[in-house]
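> One structure, as structure tokens, below. Some questions next.
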Amino acid sequence: MSAFIIDEVKKTFSNGEVEEEILKGVNLSLKEGEITALIGPSGSGKSTILTIAAGLQKASTGEIMFDGKDMTKMSPEEVRHIRATDFGFVFQSSHLVPFLTVEEQLQLMLDVSETKMSKKEQTNAIEEMLKLVEMEHRKESYPSSLSGGERQRVAIARAIIHRPKILFADEPTASLDTKRSKGVMELLQELTRTLKLTTLMVTHDEEMLPYVDRVITMRDGYIVE
Amino acid sequence: MKIAWKEMKKNKTRFLILGSIIFLVSFLTFIISGLANGLSQDNAALIKDLPQGQFYLDKDADKTYNLSKIDEGVQQQILIDHPEATAFSVQMGFVNDEDDKQHSLAFVTSTDSALFEKVKEGEIVLDRSLQEDGIQVGDVLTNNQFSGEFIVKGFVDQQKYSHAPVAFIDMTNYQEIYRVMEMQTIFIPGKDAPTLSALDSFSNKEFLNAIPSYNAEQMSLNMIVWFLVIISGMLFAIFFYMMNVQKIGLYGILKAIGMKTISLFKMIWYQMLVITAISLALSIALSQAFSLIAPEGMPFHLTMDTVLMLSAVFMVVGFIGATISGFQVKNIEPLQAIQQGEM
């Protein structure tokens with residue numbers, strides 16, 4: 001069953017008098033427990049469709065169905081609530097909060113998602129998650145003292161600590177070397193399967209494709225294969 | 001608000017700079033306010049220390065108390081109708097001590113009243129500042145307009161008028177010195193003072209403003225105080241604006257992961273509250289210490305009421321400044337942050 005459906009989504013940007021259509025009608029269904037990778041040349045619209053699907057910008061036309069509801073018709077507050085509770089984000093740069101330790105980054109996400117877990121359950125969840133991403137030994141470290149790979153592991157942990165349904169990852173390995181990139185992809189693959197996440201990822205690195213379940217190629221605002 | 005506190009702990013220097021600026025501005029404000037109050041006391045303690053009531057001047061005096069001469073008949077009738085009322089006069093003058101040294105002072109005389117010192121003919125009661133000038137109880141003082149001599153009967157605390165120490169003398173002696181039989185002012189204590197058709201009436205505050213130089217002096221100092229308060233509000237707005245610009249990426253990511261805009265505002269308010277509270281606590285402590293070590297001649301008077309009132313104003317102004325800076329946070333798009341690099 002499809003957990004997330006993108007239906008005939010178009011996006012037009014207006015630059016003064018010139019209007020440019022970035023997405024020309026994208027249709028896509030994401031499945032639970034699968035990683036779907038969007039690939040394609042620069043300007044093909046892959047990052048735009050990811051950010052629209054994640055509720056970070058609006059589509060010009062089309063529908064985005066999540067949990068049976070059309071997100072394009074929701075209020076900004078409803079979309080924010082979905083981002084906080086049902087979505088997780090991993091960005092190209094880890095974008096960790098510089099003045100919070102590793103465990104505090106995860107606590108922040110639990111606070112933002114207004115989790116119903118008790119304080120003890122939250123502490124246990126953080127410990128479990130840090131074990132899962134093999135970062136429990138660095139739980140009191142600040143982002144500035146972590147390597148690029150470690151930061152991305154913490155970013156992944158932060159993205160899924162509140163048990164989201166959908167994980168959006170925008171070039172999560174772009175700032176890492178090959179060895180660390182493979183480590184991050186193995187982690188994403190394992191977490192998507194064990195936690196039954198629905199993961200949509202943008203990448204330009206074809207070496208990462210063996211770790212994904214589906215590959216969607218985009219070109220000039222269309223899905224071509 | 002743990003995140004706001006963590007940020008302050010991790011970026012101590014940044015917040016210490018803002019805190020020290022707020023501390024300096026608020027300290028300066030307290031000091032100037034203390035001087036304004038001190039000068040106000042020095043200028044008009046005699047009037048300020050009277051209870052709330054109504055002052056009456058002759059209508060022909062054009063609201064200038066030292067031109068006022070209240071008709072004796074009118075005065076007698078008012079004092080009969082209102083037993084708590086008192087008539088009094090104040091004029092600047094001087095006395096010579098036993099070494100023939102001249103001392104400027106304000107002669108005050110009044111009808112029988114608990115509000116003013118009672119003195120007999122030939123006696124004088126002085127403000128204590130003249131004791132510091134070497135005058136003692138029992139000393140004989142003279143005035144070239146007065147045929148007799150004044151014997152110092154005692155001293156009173158904090159009785160100043162027009163920056164001069166007050167000297168209470170008997171009405172007959174006063175009339176001889178100033179060649180005038182009428183009193184200048186009638187004062188009726190209490191909230192329900194009557195309207196007297198022959199006289200202009202003034203509240204305590206209005207009467208203070210009728211004292212030459214009082215209003216101009218206070219206005220200048222109060223203007224400085226309020227400018228400093230406004231400057232502190234602007235400092236908050238500017239400083240938080242600059243910090244917010246540096247943190248657009250952070251705020252964008254926090255918004256992207258679903259943090260409410262109001263939570264970001266709460267973060268800014270919490271930081272503003274902590275910085276202001278600490279800065280004000282230091283300023284209050286230091287200004288109170290200053291009031292203990294201020295030189296004798298410096299008219300410094302800072303009450304806790306004034307300090308608390310100004311502190312509350314600083315809090316409100318800080319809150320407004322921080323909130324204004326927060327409006328840019330409201331407009332941050334999460335996407336902007338994602339497209340930026342590392343925070």
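> Treating each Cα of the stretch B:268-343 as an identical point scatterer and ignoring solvent, apply the Debye formula and state log10 I(q)/I(0) at q = 0.14, 0.20, 0.27 Å⁻¹.
Here the Debye-derived log intensity ratios amount to -0.63, -0.92, -1.18.
> Also: I need the phi-derived Karplus couplings for the stretch B:308-318: 6.51 cos²θ - 1.76 cosθ + 1.60, θ = phi - 60°, integer Hz, Gly and Pro marked x.
Working through the residues one at a time gives 5, 5, 5, 4, 5, 5, 4, 4, 5, 5, x Hz.
> May I pose another question? Between the stretch A:86-114 and the stretch A:157-205, what is the C-alpha centre distance in whole Å?
Centre-to-centre (Cα) distance: 14 Å.
> Let me ask you something else. For the stretch A:19-81, what are the per-bin percents of Cα-Cα distances with bins 10 Å wide, up to the bin holding the maximum?
Calculated over all Cα pairs of the stretch A:19-81, the distribution is 18, 52, 28, 2 percent.
> How large is the Rg to Rh ratio of the stretch B:53-100 when both quantities use alpha carbon positions and Rh follows Kirkwood?
Values: Rg = 14.8 Å, Rh = 13.0 Å.
When Rh is taken as the Kirkwood radius, the ratio is 1.14.
> If you don't mind, there's one more thing I want to ask. Hey, what D do you get for the stretch B:161-309 in µm²/s if you plug the Kirkwood alpha-carbon radius into Stokes-Einstein at 4 °C and 1.567 mPa s?
For these conditions, the coefficient is 60 µm²/s.
> Quote the FRET efficiency, to the nearest 0.05, computed for B:ASP99 versus B:VAL137 with a Förster distance R0 of 22 Å and r equal to the Cβ-Cβ distance.
About 0.85, to the nearest 0.05.
> Moving to a separate point now. May I ask you to order B:129-142, B:318-331 by the average number of other C-beta atoms within 10 Å around their residues, highest value first?
B:318-331, B:129-142
> At 1.4 Å probe size, with every protein chain present, just tell me what the per residue accessible area of chain A comes to in Å².
In whole numbers, chain A has 45 Å² accessible per residue.
> Return the distance in nm (one decimal) between the two label points of a simple spin-label model at B:LYS330 and B:ASP305, each offset 7 Å from Cα along Cα→Cβ.
The two pseudo-label positions are separated by 3.8 nm.
> Please give the residues from the stretch A:78-97 for which the solvent-accessible area of heavy atoms, probe 1.4 Å, is smaller by at least 50 Å² with all protein chains in place than with the chain isolated.
Hits at the 50 Å² cut-off: A:ARG80, A:PHE91, A:HIS95.
> Report, by chain and number, residues whose modeled amide H sits under 5 Å from the one on A:LEU167, excluding near sequence neighbours (fewer than 5 apart, same chain).
Excluding prolines and chain starts, which carry no amide H, the hits are A:GLY88, A:THR198, A:THR199, A:LEU200.
> Okay, moving on. Return P(r) of the protein assembly as shown (all Cα-Cα pairs; 20 Å bins starting at 0; whole %; ordered from short to long distances).
Pair shares across the bins are 17, 31, 18, 16, 15, 3.
> Hey, another quick one. Averaged over all directions, how much area does the convex hull of the C-alpha atoms of the stretch A:33-176 cover when projected, in nm²?
Details: hull surface 38.7 nm².
Over all viewing directions, the stretch A:33-176 projects a mean Cα-hull area of 9.7 nm².
> Next question, about the same structure. To make sure I understand the rule: partners must be aspartates and glutamates, Cα under 20 Å from the Cα of B:LYS260, and not fewer than 8 residues away in the same chain. Which ones qualify?
Within the straight-line limit of under 20 Å, B:LYS260 reaches these aspartates and glutamates: A:GLU77, A:GLU78, A:ASP86, A:GLU104, A:ASP111, A:GLU114, B:GLU7, B:GLU333.
> For the stretch B:129-258, report the accessible area per residue in Å² (1.4 Å probe, heavy atoms, rounded to an integer).
About 46 Å² of surface per residue is accessible.
> Something else now. Is it possible to state the helix-based mean residue ellipticity at 222 nm for chain B, with each DSSP H run of 4+ residues giving -39500 (n - 2.57), the sum divided by total residues, to the nearest 500 deg cm²/dmol? What is it?
Values: 11 runs with 182 residues, N = 343.
Helix contribution divided over all residues of chain B: -17500 deg cm²/dmol.
> Check which residues have an amide H placed less than 5 Å from A:TYR142's amide H, if you skip close sequence neighbours.
none
> Still on this structure, I have one more. Mind putting a number on the dipole of the stretch B:26-94 about its Cα centre? Charges go on the C-beta only, +1 for Lys and Arg and -1 for Asp and Glu, and I need it in Debye to the nearest 20.
280
> How large a share of the accessible area of chain A, in percent, is made up of carbon and sulfur atoms when the probe is 1.4 Å and the other protein chains stay in place?
46
> When you have a sec, figure out the Kirkwood radius of the stretch A:42-110 from all distinct Cα pair distances and drop it here in Å to one decimal? Walk me through the intermediate numbers first.
Values: mean 1/r = 0.0720 Å⁻¹.
Result for the stretch A:42-110 stands at 13.9 Å.
> At the nearest 100 Å², what buried accessible area, both sides summed, do you get for B and A when the probe is 1.4 Å?
Details: alone 17530 and 11290 Å², together 26630 Å².
So the buried area, both faces added, is about 2200 Å².
> Which three extents, in whole angstrom, do the alpha-carbon atoms of the stretch B:1-107 cover along their principal axes, largest first?
Sorted largest first, the three principal extents are 77, 46, 25 Å.
> Does any residue of the stretch A:168-193 lose at least 10 Å² of accessible area with all protein chains in place compared with its chain alone, and if so which ones (probe 1.4 Å)?
The answer is A:ASP170.
> What is the dipole size for the stretch B:148-271, taken about its Cα centre, with +1 at each Lys and Arg Cβ and -1 at each Asp and Glu Cβ, in debye to the nearest 20?
In total the dipole reaches around 1260 debye.
> In the protein assembly as shown, what percentage of the DSSP-assigned beta bridges are antiparallel, given to the nearest 5?
65
> Dividing the alpha-carbon radius of gyration of chain B by 2.2 N^0.38 Å (N being the number of residues), what value is obtained?
1.41
> So, one more: In the stretch B:245-278, what residues drop by 30 Å² or more of accessible area when the other protein chains are put back, versus the chain on its own? Use 1.4 Å, and skip ligands and nucleic acids.
Buried-area filter returns B:LEU250, B:ILE253, B:ALA256, B:ILE257, B:GLY258, B:MET259, B:LYS260.
> If you take the charge dipole of the stretch B:13-92 about its Cα centre, with +1 on Lys and Arg Cβ and -1 on Asp and Glu Cβ, which of B:GLY19, B:THR64, B:THR29 is farthest toward its positive end?
B:GLY19
> Placing unit charges on C-beta atoms (Lys and Arg positive, Asp and Glu negative, everything else neutral), compute the dipole magnitude of the stretch B:83-144 about its Cα centre in debye, rounded to 20.
It works out to roughly 200 debye.
> Another question, if that's okay. May I ask you to give the percent of accessible area on the stretch B:1-124 that is carbon plus sulfur, with a probe radius of 1.4 Å? Working shown, then result.
On the way: 3030 of 5990 Å².
Looking at the stretch B:1-124 in its full context, I get 51 percent from C and S.
> Give the carbon-plus-sulfur fraction of the accessible surface of the stretch B:236-343 in %, rounded to a whole number; probe 1.4 Å, heavy atoms of protein chains only.
Its accessible area is 70 percent carbon and sulfur atoms.
> Taking only Cα atoms, what is the 0 to 90° angle, nearest 10, from helix B:214-246's long axis to the longest principal axis of chain B?
Around 10 degrees separate the two axes.
The values are calculated or read from the model by the stated rules, or taken from the named source; none is laboratory data. In this text the structure is predicted, and so the values were computed from the model without any measurement. As a convention, Cβ positions derive from the backbone with ideal geometry for all residues, glycine included, and neighbour counts pool all protein chains shown. All accessible areas refer to the heavy atoms of the entire protein, side chains included, with ligands and DNA or RNA removed. Shrake-Rupley method; radii C 1.70, N 1.55, O 1.52, S 1.80 Å.
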